[in-house]
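The structure under discussion appears below in the form of structure tokens.
The values are calculated or read from the model by the stated rules, or taken from the named source; none is laboratory data. Here the structure is a predicted model, which means the values were calculated and not measured. Cβ atoms come from the backbone with ideal geometry, glycine included; neighbour counts cover every protein chain shown.
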Amino acid sequence: MSITPLARRILCGAISGALSSYPLAAAHALASGGVVAGIIMGAGFGAALGPTKRTPAGSVLAGSALGLPAWALVTCAGSSAISGHAPELGAEAMRMQLPALLGWILYGSLLGLVAPGLNGLAARFMGGHHDAAPAASASPKRIVIVGGGFAGMSTAEGLEDLLPDDGSVSITLVSDQNALLFTPMLAEVAGGSLEPGHISAPLRTALRRTEFVRGCAAGVDLGRRILTVAPARGGPGSAREIGFDHLVLAVGSVSNYFGAANIQKHAFDFKTLLDAIRIRNHVIEMFERADREADPEVRRSLVTFVVAGGGFAGVELAGALNDFSRGILADYPRVPEAEVRTVLVHSRDRILPELSESLGRYALDRMAARGVEFRLNTRLLDAEEGKVTLSKGEIRTQTLAWTAGSGPSPWLNSFGLETDKRGAVVVDSTMAVTGRDGIWALGDCAALKDGKSGNPCPPTAQFALREGRALARNISRSLRGLPPEPFHFDSLGALCVVGHQTACAEITVPFTGGRQVRFSGLLAWMMWRGIYVSKLPGLERKIRVLVNWTFELFFPRDIVQTIDLRSNGSS
Amino acid sequence: MRRTAEHSPLSGEAPSPAPDWAGALVAALVGAAGGVLGATLAGGSPGAFAAAGGLFGLSGAAGLRGRTENAGAGLVWGLGGGFLLWVVLVSAGAAHLSGVSSLAMIGDVRAHVPQLFACVLCVGAPVGITLGIRGGMGPRAAPFHAGRALVAGGASGFAAALIFSRWMYEGDFYPLIAGLGNSGSHATSVLLHFAMACLIGCTFGVLFQSDVRNLGSSMGWGVAYAVFWWLLGPMTVFAAALGHRPDWSASHAAELFGPWVGYVFYGLILGVVYSGVNAVWTRLFVDSDPLNRKREGPGLHALQSLGWGCAAGLAGGLVALPLMIQTGVITKLAGLEGATPLAAGVLLHLVASTAIGASYGVLFRGESTDVVSCSLWGSVLGLIAWYAGPLTLLPLVRTGECDWRPEAAAALLPLLVSHLLFGIVTANVFSAFERSRLERVRRIREPSPEQTVQATRTRPTAPLCLFVLGMGVLLPILLG
């Protein structure tokens, strides 16, 4: 006879309840139906017993102890309610129920004695002693995610939530970084507001059952369905082959210099945590050198910082560098304030093209008031040691940061997938690579169009997170033989910090057909901090960032250099 | 590094050891001797009591299967078992359960209060301690740190006794030495009060070091131990010290009901302070060791538990709200007589529920993984909240004085129902949150060695809850 363990426990509990209910009936614990109450409580006790084993004495005493609240709740409060009257909760009425109290304690002790014994006997003769372990599939489906950014991470998290943890599916994430970088706060690291580690969440900690493999995806054999993983950053070790049934490409984007080799050679990237750390340390190094430099021209070039690109990343970096460089001036008394410059070079007529014109203008005015210089409608043509050449003149500087262009990883072109003119993998609206079964792409590296509007999905963290969750659902559906669903997401808006306690925000109001509300200034800045700290992965990181921000209110920024710039190829 | 990974910390208990016939025989003898002593002190047939005590010892040894690993655990088993023994004895005659009026029944049970004390003090406690000492001789005994036990226990006892300082100086009220009579000067009384507190604290540390896990369960242990001391001290030994025969009658117990509540509060604070000191010690010197570090730090767990506790407390408050309204305490809570006292009272009740739930989350996290044990702990929480809230804080806020008379406690019995309901719901909702988290991290959970040792041991939760709930509920009914 087959019976589930839970059903067996409930049945045994009910029988035990009936057998133990004599004290209840004798004590008139309930106006009528002491046996019925005993059966019901017994069934509940049996179900609650669970797989935990107790000694006979422990079980008896546990049942007895539960008799006390049962007396209060069932006899004192419940019985009148069951019979249709208001509960008699007077003190004297309760004292009159003393016989029932003793009855309940005795009933509980008998139940605690009988139920486990009966359950043990039933398990012996009816089988099913233990909760059946889920049967693991002989050949688990292998899902491999390449990339540990927002898209890859949210896909893995979604798969962990959606797929059964019974060995029928294996999830592997391959990334050359062992942490998820929270890029919206990268400028704060470059500007010295936040500690670098605080805006990164270790992938091994955040992912519970996903196997993490640190390494660079070196090649994909689509025919054999094998991914080759090489050691990260060209480190020692041999390549490893990982088989897959589903491959998720979430490799993100890299800086695109449009073939300008000199700029690539002399500029700082602004994509990774290491980039932000390098920029911060480089700025401090420039101030150290400027402090002992006697020649005003050279000194001016040392403390001139040029940022190429007027999008979100460029504007936030320029604002952060401006605040940082002016903030540490107090420690460098020989550097005149007038010589410190932060210059933002942008090829269009206004910054922040992602936001409305009025907000872009507001940002420019606020940043200019804080000392940032703008070169609009100006292109960066070339860079060399100590100088950058613009379409309108040149600037003597030792520091150039590049945010003016980015594109999908060129690695995607190496194994025959169809790409668009940007180099992004062409996918349908479900994120499936066209004509390739079990190959998916999302995030910055995919040319994804919204399933509802048909508009291209922008390469932002906001979209990458939603795409990851949607792709996890689609893979789950695919494993169950269901068709995947098209991706659709309406942007929630955009936020950009432009300087100390100042930001711009454009927020989509829900249920208004995409109507947007604009904020600026302190309110937008508080909104930026509130929203982004809430999005930061992990409670520990949130607390650390909040502590950093609080410290920043009372103490100056740190000017300790943490890396040796001579060894890492800075400009 | 000690790694005791013999059992999963989440799964429960170790396999049963072989029967200990010698231990059973010793327990039976101790039980029989205790029965004779109890019959002498409480009145009754020595033969019947000796037989009941001997049977209690035998069944205790058989039922526990050698799972009591120290004297402290044995004592708690004995206290719970002794209480149950009394219930069985007092209910043994069918006449006690049927055929007589409830009023007559109360009178009859009041007459049996001395037997309750005899069952607990003379039979349960000695048999339990005997079984605990016997079990402690086995190979599974947890490591014991005598210095930590004495220092933390003594300091906690002293700190807990400070709660009464205001009443000691203003009202000459010394609950811990109640029953000793006039001991002379004020300074002598204070000295005796703190000496008693330190004695209880030190022995608490020695007996329960390996069973105290978190602040919440430690509160339960503290209350149980304090109640034991109320029985042993004011009700028994102090009288003997003054050359009198101990008076275990209900009327004498009613006279000492104020000190009884005082002992309950002393036990609560003793448990919390001891567990706090113990936790700080463990955190500083055990968990901080990189060899013992876990993937998630203790701070994260505490914050998570705080949030879950708030949600659970709110749920418990909502479920208990109809009963609270029924008893009419909601309007008294607000302390308002204006136009919307009910709304204000409901709001205050929910805020208080959320706060108590948050404290439950912090105090009781990791205590229970099944419905039975968390219902038990929830009931204890409800009982504690009843003693602390309506019985103490509410009158303190409204009148500036505590009313610890048995009549006042009996009058507040209706509120006990809603508090128990609140505790059970809160504990189960919190446990559901905890279980979902454990489910997610079960593959990577790596408790520190100290926690592993504690978690894999069998703790006497059920007898503790039975003793605390039984005495906490029964005494106000019988003595009020």
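Hey, among B:Gly44, B:Gly53, B:Gly23, B:Gly57, which residue is away from chain A (no Cβ under 14 Å) and surrounded by 21 or more Cβ atoms within 10 Å (Cβ to Cβ)? Please lay out each step first, then the result.
On the way: B:Gly44 fails: surrounded by 21 or more Cβ atoms within 10 Å (Cβ to Cβ); B:Gly23 fails: away from chain A (no Cβ under 14 Å); B:Gly57 fails: away from chain A (no Cβ under 14 Å).
Answer to the selection: B:Gly53.
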Next on the checklist: One residue is enough: does region A:344-358 have a residue meeting the conditions among the acidic types (Asp, Glu) and without any contact (Cβ under 8 Å) to a residue 24 or more places away in the chain?
Outcome noted: yes
Item to check | Candidate set: region A:510-537, residues that are touching a residue at least 60 places away in the same chain (Cβ under 8 Å) and in a helix (DSSP H, G or I); chosen: the one farthest from A:Ala201 (Cα to Cα) | outcome: A:Tyr532
Checklist outcome for this item: Reported set for region A:75-99 where residues are more than 9 Å from chain B (Cβ to nearest Cβ), buried (at least 20 other Cβ atoms within 10 Å of the Cβ) and modelled with pLDDT of 65 or more is A:Thr75
Checklist entry - Can you name the residue in region A:256-274 that is in contact with a Phe, Trp or Tyr (Cβ under 8 Å, 6 or more places away or on another chain) and buried (at least 19 other Cβ atoms within 10 Å of the Cβ) and is also nearest to A:Pro184 (Cα to Cα) among such residues? => result A:Phe270
Next on the checklist: Looking only at region B:373-411, filter to residues that are surrounded by fewer than 17 Cβ atoms within 10 Å (Cβ to Cβ) and part of a loop (DSSP other than H, G, I, E, B); which one of those is farthest from the other protein chains (Cβ to nearest Cβ)?
Outcome noted: B:Gly400
Checklist entry - Any chance region B:458-479 includes a residue that's modelled with pLDDT of 80 or more, in a loop (DSSP other than H, G, I, E, B) and at the interface with another protein chain (Cβ under 8 Å from one of its Cβ atoms)? => result yes
Item to check | Meets criteria (modelled with pLDDT under 80, under 18 Å from the mean Cα position of the chain (by Cα) and more than 19 Å from B:Ser436 (Cα to Cα)) for B:Leu391 | outcome: yes
Next on the checklist: Among (1) within 30 Å of A:Glu297 (Cα to Cα); (2) of a type outside the set (Gly, Ala, Ser); (3) surrounded by 21 or more Cβ atoms within 10 Å (Cβ to Cβ), there is one condition A:Met431 misses while meeting the rest; what is its number?
Outcome noted: (1)
Checklist outcome for this item: When region A:177-216 is checked residue by residue, the ones that are under 14 Å from the mean Cα position of the chain (by Cα) and of a type in the set (A, V, I, L, M) are A:Ala179, A:Leu180, A:Leu181, A:Met185, A:Ile199, A:Ala201, A:Leu203, A:Ala206, A:Leu207
Item to check | In region B:196-229, residue farthest from the chain's Cα centre (by Cα) [restricted to those that are surrounded by 24 or more Cβ atoms within 10 Å (Cβ to Cβ) and β-branched (Val, Ile, Thr)] | outcome: B:Ile200
Next on the checklist: Checking A:Gly371 against (1) more than 18 Å from A:Ala318 (Cβ to Cβ); (2) surrounded by fewer than 20 Cβ atoms within 10 Å (Cβ to Cβ), only one condition comes out false. Which one?
Outcome noted: (1)
Checklist entry - Is it fair to say A:Ser453 is crowded, with 18+ Cβ neighbours inside 10 Å and not aromatic (Phe, Trp, Tyr)? => result no
Item to check | Of all residues making up region A:369-384, the number that are in contact with a helix residue (DSSP H, G or I) (Cβ under 8 Å, 6 or more places away or on another chain) and either assigned to a strand (DSSP E or B) or modelled with pLDDT under 90 (or both) | outcome: 6
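When you scan region B:195-258 for helices (runs of 4 or more DSSP H) that lie fully inside it, which ones turn up with 3 or more residues that are modelled with pLDDT of 85 or more and aliphatic (A, V, I, L, M)? First the steps, then the outcome.
Details: elements: B:215-232, B:238-241, B:250-255.
It comes to B:215-232.
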Next on the checklist: Any residue in region B:200-211 that is assigned by TED's automatic domain parsing to the domain that holds B:Leu268 sitting within a Cβ distance under 8 Å of a residue that is of a type in the set (Lys, Arg) and in a helix (DSSP H, G or I)? List the pairs, counting only those 6 or more apart or interchain.
Outcome noted: B:Gly205/B:Arg148; B:Gln209/B:Arg148
Item to check | Subset of region B:359-372 (residues that are in contact with a helix residue (DSSP H, G or I) (Cβ under 6 Å, 6 or more places away or on another chain) and at the interface with chain A (Cβ under 9 Å from one of its Cβ atoms)) | outcome: B:Val371, B:Val372
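Identify, from the list A:Arg396, A:Arg361, the residue that is free of Cβ contacts under 8 Å to residues at least 24 places away in the same chain, of a type in the set (D, E, K, R) and surrounded by fewer than 21 Cβ atoms within 10 Å (Cβ to Cβ).
On the way: A:Arg396 fails: free of Cβ contacts under 8 Å to residues at least 24 places away in the same chain.
Unique residue meeting the criteria: A:Arg361.
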Checklist entry - With region A:162-237 as the region, which strands (runs of 3 or more DSSP E) entirely inside it contain at least 2 residues that are under 15 Å from A:Thr272 (Cβ atoms), more than 14 Å from chain B (Cβ to nearest Cβ) and modelled with pLDDT of 90 or more? => result A:179-181
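Among the residues of region B:273-302, count how many are modelled with pLDDT of 80 or more and not assigned by TED's automatic domain parsing to the domain that holds B:Cys202. Steps first, please.
Initial filter on region B:273-302 (modelled with pLDDT of 80 or more): B:273-277.
Keeping just the survivors that are not assigned by TED's automatic domain parsing to the domain that holds B:Cys202 gives none.
Going through region B:273-302 one residue at a time, the tally reaches 0.
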Next on the checklist: For region B:230-249, give me the residue count where each residue is crowded, with 24+ Cβ neighbours inside 10 Å and aromatic (Phe, Trp, Tyr).
Outcome noted: 1
